[in-house]
Each structure stands twice: as C-alpha cells, then as structure tokens.
Amino acid sequence: MKKSTSSVALLLFMLILACDPNDRKVALDHEELSISTIHEKYISGELTAAKLVEAYLTRIDSINPKINALTTINPKALEIAESLDEEFKETGTLRPLHGIPMIVKDNINTVGMPTTAGSLALADFYPETDAFIIKKLEDAGAIILAKSNMAEWAFSPMHSESSTAGVTRNPYNLDYVPAGSSGGTGAAIAANLGTIGLGTDTGNSIRGPSSHNALVGFRSTLGLVSREGIVPLYLRNDVVGPMCKTVEDATRVLQVMAGIDPEDALTSYSEGRSKNNYMQYLYEEGLKGARIGVFRTLSERNPDPEISILFNQALEDMQGLGAVIIDSVSVANFDELRQDQWCPTFRTDLEDFLETYVKRDTMSTLEDVLRVGTKSDYTRQRIESLSGGNMGRRGNPEIPCGNVYEDEKRVAFREAIEKKMDSLQLDALVYPSWNNRPALIEKFQEEYRGDNSQIIAPATGQPAFTVPMGFSSGNLPAGLQFLGRMYAEPTLIRLTYSYEQGTMHRRPPNF
C-alpha cells in the first residue's frame, strides 16, 4: 500500500530527530510544525527543544543560501533550548510558547544579537535590553532562533533588500520578491526555517509579505501591542505582529504580546479593551451567520485577472461556510477621506531611537546615517528625500499630525468606515491583500502595483488580518484581507480561522 505524502514527511522528520545532534548534514523536511503539534511531541517525549533547534539549524544551512532570508543566527539558541528542556523535566509544565523557535525581524531589539534595520549605520549596534515584546515572548518560552533580513529602514513595501545582507527571494519562486519590508521573516517562516515569526507594519509590511508567502499576518489595533525597542519608520503608524503558518499560531503569539507598556504611551488606550484569552475565538464554524462586506472600492482597482478569480472564489467559499456576503459595500467620500493621512516622521522617530538605545555621539542624527551611507540605490533615494526634516501633512499642513485616537483626519476616516459597517451590521470588510501577483525581483519598481494594505488600517488604526487564499500561476501565493473595527481582534480571529480551516490553502514551498 502506498504511503501518503504526510506520512512520508512525518517519517523523514522523525528520522532527522533521531540523528546525532552534532550531525548537521540532514535537512529538516517540509512538515508544517505548529505550536500545538510541537508541544504534543514534547509531552509525549518524541521531541525536545534542543533536537528541534538542531533540526531547524540544519534546514537553515540547506535552505537559507537559496532565499537569503536570515541575517544572524542566535549563538545561544541551543543553550536556551537545553535550559527549557531541563525546566520541563523538572516541572512537567510547558509555558505558552515553551521551546518554540522564533524568527525576529532585524529592527527589533534583541540582547546578544545585532539590531541593524538592514543599515550600515546600525551594522554593529547590539542593544543593551530586549524590546518589551521580546521579553514577553521569551518569558512565555519562545526561543529566538535568528534575525531576518528586511527592506533597509523598512522603507520598501515592494521588496526586501538591505545593505547588511542583500536581497531576499520568494521561496515559492526565487525570481520573485517576498514583498517588504518584513520579507525576510515571511520567506523564512514560509520555508520552515522557524515555527513563528515577527514582522513590523507601517503600511503593508506584515500583511504584504504574509500574502506573498502564503502566511497568516496580523496587523492588530494600534495601541494593543507595544512598539518599544523597535527601530521606527513612522511611529504613528507602526505595529509589530505575528507572521505564522496558521491562524492558531498567530493567535497564540498575539495573546502573549498584547498588553500595556508604560514605555509606549499608545498602549494605554487598550486598557479594558484587550482580551485575556484570544484562543477562545478559534471557532471553526465562525463564518456561520457572519456578515461579510465586499469592499470592491479596493478589489476592483485594476486587478490581475488571476487575483480576481481567487478573490471571487474566496467569497463563494465563505458563503459556502455559512457567511452572508454583502457585495459592493461603499464608504461615502472614501477617496477624499483617505487623502493626506501620511505624515512622514522618520527623522524625529529615528533620532529618538538613536538617543534612547544607540547612545553614540557619532550616530545620533539623520545626517550621521547619511554620512555612513547605503549600498541600496532605492534606500539612498528614500532617505535623501527625508533629510530635509519631518514633513507635515502634505495636503493639509495646518492640521496637526497626531496619534490615531486624536488626529481629526484619522478619526474621521475611521468613523466613516465603522459607520458603514454598523449600518450594514458587518463583521468585517474583505478585499485582496494585493490586487496583483508578486513582482519580479529584477523589475520590482515597475511591476509594483495592487498593494491594498497601505490604504486603510495604517491611517485608521483598525486591525487587518491576511490569510492565504490560493496561488496564481508561477506558484505565487495570494492573500485575503479582513478589516475589522477597533479592538475587534476576537471577531477577526473567528472569521479568519473559519476561512482557513474551510479552505486550507497554505502549502509549503517546494525546493
């Protein structure tokens, strides 16, 4: 009798784990390990954190040279894993993320590893303290396995190219971009170089790479998760969040990260609005009776025909899973409301970071960054355009650039969207995360189009989650995005989990 593909994959994986941990010649197979699966194996004794870390390191040796997703391996990863194994032997208790290998974007402060933001200016910066969320994740038992490549300074939503590591490739098709700026995390998790990943999102940079790499990406409500200890782009929009293979894993990571941080004042707005248990919303029948609004204002912006087919199939699938589809939802004055939302604050935000964390007289201003320079023509153009200082709101400079709870234009934009959702009793709005397929690396600027993630959530502060909705030709992934009301993470978890479980579009790349 012929064995199933999954049975063969499991057998190969267990053979790997049986190998001498000092033998790094055998690569981890493509099994899609999840947090719960790993914990089951820890409890049964089939697996230890040390063996898992060794297996991932073997796979990194084999796969990372092909995609260039990772920049630095944590030299203490195995030591940490062994310590967690000893703890489990003694206590018999697993922490929420006990022994789970994690990939961290290289703009998040991690002790003992460089935090470069992909730049030459920070190439030798080793932070003295972990970012707030890193402390929380490590306290929950996560193991930082490696740092990931990114678009330098997080400037590019299109591609992930840094001065420190070069260009990251899409593991599904190496000629294509993984999107940016968290493309290294996206490519690494897609290629099973770690179990869970972290990205940051100013406009697109969690959801874009997640969409291009067949992952789940959560951009949570602005204020739900601390941004302390993270190299900023525009802090007024910046979010950090999970990039994972499943909604369940992303939810487990979000649950650990969410919380008030005195060092990030924006998190004070989440008091009384966050949940203690997000896991309870993983409901397989969560689309039954849900009212889903189709936001064709975005989905019909010159879409690739293949993406349109996938999106319309997603709508049929949701209807088949019990959702009520409300088509062609429109928001009054949408095009006017979305204008003049961006306020570039890179200089102030970066210089605050340099003063607080880097603490060097020779690297304290944007001019110092310019002096050190970059290997990327794209980055050079972007950073020079910002060197004149912070620019106010482009079209309405008289209106102050405030946070998402106080800025009158941001509030007006959000209220218009939520008012429409309320009037139609919608649980979420949906649209493709990208209207177009990933761009070729060699033509990333001319082929960059269809990025829907930039338009609503960064300005309004609303949560927006992307999940895989299938593949276009060339084995290129596509994502479906769900937009919710402020602090509606429970609703989005319920909807995205139900859609994911009902369609199961995620599959690993084939090297």
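The values are calculated or read from the model by the stated rules, or taken from the named source; none is laboratory data. For clarity, every value in this text was computed on a predicted model and none was experimentally measured. All Cβ positions, glycine included, derive from the backbone under ideal geometry; neighbour counts span all protein chains shown.
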Complete set of residues in segment 419-441 that are in contact (Cβ under 8 Å) with a residue 24 or more places away in the chain, among the charged types (D, E, K, R) and farther than 22 Å from Gly217 by Cα: Lys420
Search result, residues across segment 425-451 that are under 12 Å from Phe482 (Cβ atoms) and within 19 Å of the chain's Cα centre (by Cα): Val430, Tyr431, Pro432, Ser433
Candidate set from segment 368-395 (those that are in a helix (DSSP H, G or I) and free of Cβ contacts under 8 Å to residues at least 60 places away in the same chain); member that is surrounded by the fewest Cβ atoms within 10 Å (Cβ to Cβ): Asp377
Every residue from segment 73-99 that is in contact (Cβ under 8 Å) with a residue 24 or more places away in the chain, farther than 16 Å from Ile35 by Cα and not aliphatic (A, V, I, L, M): Asn74, Pro75, Lys76, Glu82
Residue that is in contact with a Pro (Cβ under 6 Å, 6 or more places away or on another chain) and of a type in the set (S, T, N, Q), where the choices are Thr297, Thr221: Thr221
Lone unmet requirement of (1) within 30 Å of Gly259 (Cβ to Cβ); (2) part of a loop (DSSP other than H, G, I, E, B) for Phe413: (2)
Qualifying residues in segment 331-367 (those that are of a type outside the set (Asp, Glu), without any contact (Cβ under 8 Å) to a residue 24 or more places away in the chain and assigned to a helix (DSSP H, G or I)) - the one surrounded by the most Cβ atoms within 10 Å (Cβ to Cβ): Leu354
From Leu315, Leu321, Leu287, Leu282, residue being out of contact with any helix residue (DSSP H, G or I) (no Cβ under 8 Å at 6 or more places or on another chain) and of a type outside the set (D, E, K, R): Leu315
Number of the condition not met by Tyr56 [criteria: (1) out of contact with any Phe, Trp or Tyr (no Cβ under 9 Å at 6 or more places or on another chain); (2) more than 16 Å from Asn192 (Cβ to Cβ); (3) surrounded by 21 or more Cβ atoms within 10 Å (Cβ to Cβ)]: (2)
Subset of segment 301-329 (residues that are among the charged types (D, E, K, R) and either under 16 Å from Thr496 (Cβ atoms) or in contact (Cβ under 8 Å) with a residue 24 or more places away in the chain (or both)): Arg301, Asp304, Glu306, Asp317, Asp327
Subset tally (residues that are surrounded by fewer than 24 Cβ atoms within 10 Å (Cβ to Cβ), in a helix (DSSP H, G or I) and among the hydroxyl-bearing types (Ser, Thr, Tyr)) for segment 455-494: 1
Residues of segment 339-376 satisfying the condition of being among the hydroxyl-bearing types (Ser, Thr, Tyr) and modelled with pLDDT under 95: Thr345, Thr348, Ser376
Candidates Arg394, Arg410, Arg414, filtered to the one that is modelled with pLDDT under 95, basic (Lys, Arg) and more than 19 Å from the chain's Cα centre (by Cα): Arg394
Those residues of segment 251-297 which are hydrophobic (A, V, I, L, M, F, W, C) and outside any loop (DSSP other than H, G, I, E, B), in sequence order: Val253, Leu254, Val256, Met257, Ala265, Leu266, Met279, Ile292, Val294
Residues of segment 260-273 satisfying the condition of being of a type outside the set (A, V, I, L, M, F, W, C) and crowded, with 16+ Cβ neighbours inside 10 Å: Asp261, Asp264, Thr267, Tyr269, Ser270
Qualifying residue in segment 61-82 (condition: farther than 27 Å from Pro171 by Cβ and surrounded by 22 or more Cβ atoms within 10 Å (Cβ to Cβ)): no
Test set (1) surrounded by 24 or more Cβ atoms within 10 Å (Cβ to Cβ); (2) farther than 22 Å from Tyr278 by Cα - Leu235 fails condition number: (1)
